[in-house]
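One structure is given below, encoded as structure tokens.
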Amino acid sequence: MAIYAPGRRDRHNRPLRSRGRAVVAMLSLTAMVDMFTVVAVFLLQNYKTTGETIQLDEAVPLPKAHAVKELRPATVVIISKEKVMLDKAVVTSFDQVKEQADWHISALESALQAKFKELADKRSGLAGQIKNAVDPSGSPTNDPADDHRVTVQADKTIDFLSVKKVMMTLTEAGASEINFAVIKEEE
């Protein structure tokens, strides 16, 4: 059986000739582009809230804890047996931190203050303005103190005095909140 174009037909199944114009259907791409834009923004926002908070360094075995809370994105300070790093960049060696009598680690403080300044500039730049225009609700993610949040990943075999020196330096550099990355211990 043959397939025919729809429309009115005579008794011999031939299309009737109409005197009017043929209807031309045009596809409007504007609505489809708007829809895909909304879907893309939704997926980006959804990914942002469900993404990985921090990457764990395999060379740093973390301590275990029963009481844990979910970490929010922050600047990461890693204390291993060999070095002290700020966001995967080596700041100083661990031996220098351990041997110094002063509680203040100047290399870490200057690197952390530079990072805080970079984050503040990013917040006030074009990307920050766009983010505030999209989400002007004043939610906790828009708090400028979030730029000064620090997460510490310390090797579980590191002595407490060295960790305390790093924490003192973080406080002096202007960290608003200091959290420790731990592994949740199953009960």
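Coordinate-derived values only; no laboratory data. Bear in mind the structure is a predicted one, so any value in this text is a computation, not a measurement.
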Once amide hydrogens are built 1.01 Å from N within the peptide plane, the residues lying 5 or more places from THR151 or on another chain with amide H under 5 Å from its amide H are THR75, VAL76, VAL77, ASN179
Sorted by chain and then number, the residues having a modelled amide H within less than 5 Å of the amide H of THR92, at least 5 places away or on another chain, are VAL84
A correct Karplus calculation of ³J(HN,Hα) over segment 97-104, with 6.51 cos²θ - 1.76 cosθ + 1.60, θ = phi - 60°, whole Hz and x for Gly and Pro, returns 5, 5, 7, 6, 7, 6, 7, 9
Applied in sequence order to segment 31-46, the curve 6.51 cos²θ - 1.76 cosθ + 1.60 (Karplus, θ = phi - 60°) yields integer Hz couplings, x standing for Gly and Pro, of 5, 5, 5, 4, 5, 5, 5, 5, 5, 5, 5, 4, 5, 5, 5, 5
Taking the alpha-carbon centre of each part, the distance from segment 72-122 to segment 158-185 in Å is 10 Å
Scoring segment 60-184 by relative contact order with C-alpha pairs under 8 Å, at least six apart, yields a percentage of 41 percent
Computed ³J(HN,Hα) along segment 105-122: with the Karplus parameters 6.51/-1.76/1.60, θ = phi - 60°, integer Hz and x for glycine or proline, the list is 9, 5, 5, 5, 5, 5, 5, 5, 5, 5, 5, 4, 5, 4, 5, 5, 5, 5
Within segment 60-184, the percent of DSSP beta bridges that are antiparallel, given to the nearest 5, stands at 40 percent
With a 24 Å threshold on alpha-carbon distance, the violating pairs from LYS69/LYS122; LYS88/LYS164; LYS83/LYS115; LYS81/LYS117 are LYS69/LYS122; LYS81/LYS117
